[in-house]
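The values are calculated or read from the model by the stated rules, or taken from the named source; none is laboratory data. All values reported here derive from a predicted model rather than from experimental measurement. Here Cβ is always computed from backbone atoms with ideal geometry, including for glycine, and neighbour counts include all displayed protein chains.
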Amino acid sequence: MATDRTQRMERLARVYDTEVLPIWTERFAKLLVRDLELPARCQVLDVGCGTGSQTIELLDKLDPGSRLIAIESAPPLLDLARQKVSRADAGRAFFRSHADLAELSFADEVYDAVVSNLGLTRVAHRPRALSSFARVTKPGGELRLSLPLEGTFQEFFDIYREVLTKHDRHDTLDRLASHIQTAYPDVDTVEAWARSAGLFDPRVELEEFTMLFRSSREFFFAPVIEYGPLPEWKAVAGRGQEMQDVFWYIKEAIDAYFGGRAFQVTVVAGCLVATKPEHAEDQPAQQHAEVEDAETSEFDTHEDEEALENRQDADHFADVQLDAFTEGIARPDHLDEE
């Protein structure tokens, strides 16, 4: 059983590296390292290195005396990243498996720079993860973290909302709104996370790009969607026939609106850039933020539980096939009655 799971994970890692990385991950990686300047003989931490796209970009910016530690929670991804690093860079790059990217096991104030390409998208509580990243950063060090922001997949979500509204799925509408807000935060929210982690002068750099799909089927079965957000989108829709009905409607709406032309979706890539204060006199903002965190601890706990619940639902739905795209399954008659 363990062997089957390992083989499956290795296959997914290869699919990710060939199908997802070029059109998704690398776009964020280039934004992440753009204009990044690193000091001589520095130590850099790459959190959630994946298959190494940003790791290689970072190594190009390091001098011979610098070192880079790349950590990843999925061993098959880590293996591919390690294979990509040339022998010339092997002495500067060190790879480690790290099960929990949100709770780093390193000592305080170790790294001159901490970078994470899409790492925040893989943890349940992003503000807490950001605080952990800040903890291991040296005073005066820089943090750079990329993630998709508000407006990403907007065209799909507009159709999703329209379908739910038309068929009076008000509870599902609420779940969808909560998912969008959590998965694709706005710039103000991300900057607030940084300030609550005690970071100085946070800013978010933006870059927008689009992805094109020839049909609803190509959209939902593209690896960037199928192995990315699709399980969470299924979990939002409900369970069993309720979920299947929603996706029948979504499929039909996409094909009706975009039949004969490409279905274009927008991606808003963001890169948070912030600095850890260098002097003690720069710390009051951090202390104030910690007080605010204490006052909202009940909300944070609720958010943690809700995020974990959503992820467990997504895990359940990851292998659930969509009837609307399964050959031989006819459109249910009861859909005409709604």
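Looking only at residues in region 163-194 that are surrounded by fewer than 19 Cβ atoms within 10 Å (Cβ to Cβ) and of a type in the set (Lys, Arg), which one is nearest to the chain's Cα centre (by Cα)?
Step by step, filter region 163-194, then rank; the result is Arg175.
Cβ-Cβ under 6 Å, sequence separation 6+ or interchain: first residue in region 319-336 and closer than 30 Å to Met9 by Cα and assigned by TED's automatic domain parsing to the domain that holds Gly228, partner among the aromatic types (Phe, Trp, Tyr) and in a loop (DSSP other than H, G, I, E, B). Which pairs?
Between residues of region 319-336 that are closer than 30 Å to Met9 by Cα and assigned by TED's automatic domain parsing to the domain that holds Gly228 and residues that are among the aromatic types (Phe, Trp, Tyr) and in a loop (DSSP other than H, G, I, E, B), there is no close pair.
Please indicate, with yes or no, whether at least one residue in region 197-207 is within 25 Å of Val33 (Cα to Cα), in the same structural domain as Val114 (by TED's automatic domain parsing), out of contact with any Asp or Glu (no Cβ under 7 Å at 6 or more places or on another chain) and without any contact (Cβ under 8 Å) to a residue 60 or more places away in the chain.
no
Among Ala40, Ala2, which is among the hydrophobic types (A, V, I, L, M, F, W, C), more than 15 Å from the chain's Cα centre (by Cα), more than 29 Å from Glu208 (Cβ to Cβ) and modelled with pLDDT under 90? Spell out how you get there, then give the answer.
Numbers: Ala40 fails: modelled with pLDDT under 90.
None of the others qualify; the one that does is Ala2.
Condition first: without any contact (Cβ under 8 Å) to a residue 12 or more places away in the chain and either hydrophobic (A, V, I, L, M, F, W, C) or within 21 Å of Phe247 (Cβ to Cβ) (or both). Now tell me which residues in region 179-196 satisfy that. It would help to see each step written out before you state the result.
Start the filter on region 179-196 by keeping residues that are without any contact (Cβ under 8 Å) to a residue 12 or more places away in the chain, which leaves 181, 188-189, 192.
Result: Ala192, single match.
Quick test for you: out of Ala70, Ala81, Ala93, Ala134, pick the one residue that is in contact with a strand residue (DSSP E or B) (Cβ under 7 Å, 6 or more places away or on another chain) and farther than 25 Å from Met9 by Cα. Give the derivation first.
Values: Ala70 fails: farther than 25 Å from Met9 by Cα; Ala81 fails: farther than 25 Å from Met9 by Cα; Ala93 fails: farther than 25 Å from Met9 by Cα.
None of the others qualify; the one that does is Ala134.
On the basis of being of a type in the set (Gly, Ala, Ser) and within 16 Å of Cys271 (Cβ to Cβ), does Gly140 make the cut? Walk me through how you get there before you give the answer.
On the way: of a type in the set (Gly, Ala, Ser): yes; within 16 Å of Cys271 (Cβ to Cβ): no.
The answer is no for Gly140.
Is there a residue being within 15 Å of the chain's Cα centre (by Cα), in the same structural domain as Lys30 (by TED's automatic domain parsing) and assigned to a helix (DSSP H, G or I) anywhere in region 101-119? Don't jump to the end; show me each part of the working.
Applying the first criterion (within 15 Å of the chain's Cα centre (by Cα)) to region 101-119 yields 101-102, 115-119.
Narrowing further to those that are in the same structural domain as Lys30 (by TED's automatic domain parsing): 101-102, 115-119.
Now restrict to residues that are assigned to a helix (DSSP H, G or I): 119.
Yes, region 101-119 contains a residue that is within 15 Å of the chain's Cα centre (by Cα), in the same structural domain as Lys30 (by TED's automatic domain parsing) and assigned to a helix (DSSP H, G or I).
Counting only residues that are in a helix (DSSP H, G or I) and more than 22 Å from the chain's Cα centre (by Cα), how many does region 63-83 have? Give the derivation first.
Residues of region 63-83 in a helix (DSSP H, G or I): 75-83.
Still in the running and more than 22 Å from the chain's Cα centre (by Cα): 83.
Within region 63-83, residues that are in a helix (DSSP H, G or I) and more than 22 Å from the chain's Cα centre (by Cα) number 1.
Go over the candidates Val246, Val190, Val204 one by one and state the one that is part of a helix (DSSP H, G or I), in contact with a helix residue (DSSP H, G or I) (Cβ under 7 Å, 6 or more places away or on another chain), at pLDDT 95 or above and aliphatic (A, V, I, L, M).
On the way: Val190 fails: in contact with a helix residue (DSSP H, G or I) (Cβ under 7 Å, 6 or more places away or on another chain); Val204 fails: part of a helix (DSSP H, G or I).
Unique residue meeting the criteria: Val246.
Looking for something outside any loop (DSSP other than H, G, I, E, B), among the charged types (D, E, K, R) and surrounded by fewer than 17 Cβ atoms within 10 Å (Cβ to Cβ) - is there at least one such residue anywhere in region 221-239?
Residues of region 221-239 outside any loop (DSSP other than H, G, I, E, B): 221, 223-226, 230-237.
Imposing the further condition that a residue be among the charged types (D, E, K, R) reduces the set to 226, 232, 234.
Next, only the ones that are surrounded by fewer than 17 Cβ atoms within 10 Å (Cβ to Cβ) stay: none.
No; the residues of region 221-239 include none that is outside any loop (DSSP other than H, G, I, E, B), among the charged types (D, E, K, R) and surrounded by fewer than 17 Cβ atoms within 10 Å (Cβ to Cβ).
Find the residue count for region 84-100, including only residues that are buried (at least 17 other Cβ atoms within 10 Å of the Cβ) and part of a loop (DSSP other than H, G, I, E, B).
3
Note down all Cβ pairs under 7 Å where the first residue falls in region 54-76 and is in contact (Cβ under 8 Å) with a residue 40 or more places away in the chain, the second is crowded, with 19+ Cβ neighbours inside 10 Å and polar (S, T, N, Q), and they're at least six residues apart or on different chains.
Pairs found: Gln54/Asn117.
List the number of the failed condition for Trp24; all other conditions in (1) modelled with pLDDT under 95; (2) not in a loop (DSSP other than H, G, I, E, B) hold.
(1)
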